[in-house]
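Below: one structure, written as structure tokens.
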There are 2 protein chains.
Amino acid sequence: MNIRKIHHVAIAVSDIEAALTFWRDALGLELERVEDAPSQKAAIAFIPVGESKLELVKPTEEGTGVAKFLRERGGGMHHLCLEVDNVVETLANLKSKGVRLINETPIELEGRKMAFIHPKSANGVLVELYELTG
Amino acid sequence: MNIRKIHHVAIAVSDIEAALTFWRDALGLELERVEDAPSQKAAIAFIPVGESKLELVKPTEEGTGVAKFLRERGGGMHHLCLEVDNVVETLANLKSKGVRLINETPIELEGRKMAFIHPKSANGVLVELYELTG
């Protein structure tokens with residue numbers, strides 16, 4: 001099977017500490033770490049849930065997709081990330097089936113490859129494909 | 001640990017067959033079944049991904065939350081469902097911490113209990129708690 005699991009669900013938040021009062025303190029989930037992700041112009045809190053993670057994403061600059069989403073909607077689920085065996089093959093297959101892609105070639109970063117599918121082709125869901133290459 | 005996994009991510013769709021051309025036919029996920037859920041005034045396609053599922057939810061009547069969401073946003077991720085050991089205990093704990101609940105007592109249905117947390121308390125995410133009781 002090419003698609004292994006839900007890698008993460010990304011949630012746009014305006015304040016990570018405030019968000020943690022719900023996800024960690026009230027719900028009792030474990031906070032793995034909070035990380036600056038300058039490549040995404042965001043800070044991200046990683047919260048494991050079973051084999052997946054919730055990622056609380058706080059934009060650190062204006063002008064990113066998450067910053068715009070947050071401004072327009074005030075928060076909520078921003079994207080759904082699926083872990084696949086091979087991002088390049090998956091993208092080629094999707095393209096051959098007429099699926100609209102945001103990234104036709106994967107973004108490569110520290111032992112992983114990522115690519116986004118356009119929400120117009122996925123029922124309004126921004127879908128990220130993720131492959132561990134390290 | 002009280003929270004076991006992401007049970008499902010629900011995606012609002014206006015047409016299940018059309019949605020399946022992406023999730024099943026292009027992405028290659030397996031369709032487990034499509035089920036009428038009259039209690040939710042919806043038809044639901046269940047699509048396993050690892051230990052979780054994607055649920056494509058098509059409203060069959062006006063006036064439900066999903067129908068409104070679909071009308072306003074045209075689709076997208078509607079709610080995030082977490083499987084917990086004990087919904088009643090989780091709700092009591094959340095309430096004691098000032099979290100706003102949609103259901104203060106769980107909805108019981110065919111071997112399972114469900115309750116929704118208000119998105120105002122969860123960064124704009126509609127969170128469902130789910131317990132298998134069968």
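The values are calculated or read from the model by the stated rules, or taken from the named source; none is laboratory data. Because the structure is predicted, anything quoted here is derived from the model rather than measured. In this analysis, Cβ positions are derived from the backbone assuming ideal geometry, glycine residues included, and neighbour counts consider all displayed protein chains.
Quick notes
- Subset tally (residues that are buried (at least 16 other Cβ atoms within 10 Å of the Cβ), out of contact with any Lys or Arg (no Cβ under 8 Å at 6 or more places or on another chain) and not in a loop (DSSP other than H, G, I, E, B)) for the range A:106-128: 8
- Yes/no for A:K53 being touching a Ser or Thr at 6+ places or on another chain (Cβ under 9 Å) and in a strand (DSSP E or B): no
- From the list A:M77, A:M114, the one residue that fits, being under 22 Å from B:P119 (Cβ atoms) and either more than 8 Å from chain B (Cβ to nearest Cβ) or not basic (K, R) (or both), is A:M77.
- Residues considered: B:N93, B:N103. Of these, the only one that is polar (S, T, N, Q) and more than 30 Å from A:E72 (Cβ to Cβ) is B:N93.
- Selection status of A:L80, surrounded by 14 or more Cβ atoms within 10 Å (Cβ to Cβ) and over 16 Å from the mean Cα position of the chain (by Cα): no
- Qualifying residue in the range B:84-95 (condition: of a type outside the set (F, W, Y), under 14 Å from the mean Cα position of the chain (by Cα) and either in a helix (DSSP H, G or I) or within 14 Å of chain A (Cβ to nearest Cβ) (or both)): yes
- Qualifying residue in the range B:29-46 (condition: at pLDDT 95 or above, within 7 Å of chain A (Cβ to nearest Cβ) and either surrounded by fewer than 21 Cβ atoms within 10 Å (Cβ to Cβ) or not in a strand (DSSP E or B) (or both)): yes
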